[in-house]
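Here's the structure we're looking at; comments come further down.
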Amino acid sequence: MAADHSVGFEPADRLAEDRESVRRRFWQKLKRVVAQLPFAEDLLAAYYCAFDKQTPRHVQASLLGAIAYFILPFDFVPDMLPMLGFTDDAAILATALRLVASHITSDHRDAARAALKRGIGEAEAT
């Protein structure tokens, strides 16, 4: 009997299928927590790559799954816990980034840096 290694990720998988919901909820959560995220630039680069029309579908799916996990209101380690809250989100994102690293371009990284420099509220409008 094969083990199901996706237990607990079903809500993220379902959410990732709704690209507009991911887009909207991503910016809402990022605004609230950006100051607490040491991996904000990587998260934004993944976001820009996931929504880039030039990015292959399987790469988009991987990144959207990781982003969806980030925006879920519940996860393995609650985000409100100081110091530990985003460790699971960072691990999921790091895994996705390792799998698709060659698809995250310097343009995606530049857009992420620019968004952080401008401020998240302004970045959402672009």
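Bear in mind that the values in this text are calculations on the coordinates, not laboratory data. Model, not experiment: these values are computed from the prediction. Glycine gets a Cβ as well: all are built from the backbone with ideal geometry, and neighbour counts include every protein chain shown.
Relative protection proxy for 100-106, 26-32, from highest mean packing down: 26-32, 100-106 (other beta-carbon atoms within 10 angstrom).
Placing a label point 7 Å from the Cα of HIS58 along the Cα-to-Cβ direction, the residues of the stretch 97-119 whose backbone N falls under 19 Å of that point are 97-105. Legend: calculated FRET efficiency, THR105 to GLN28, from the Cβ-Cβ distance at R0 = 25 Å, rounded to 0.05, equals 0.45.
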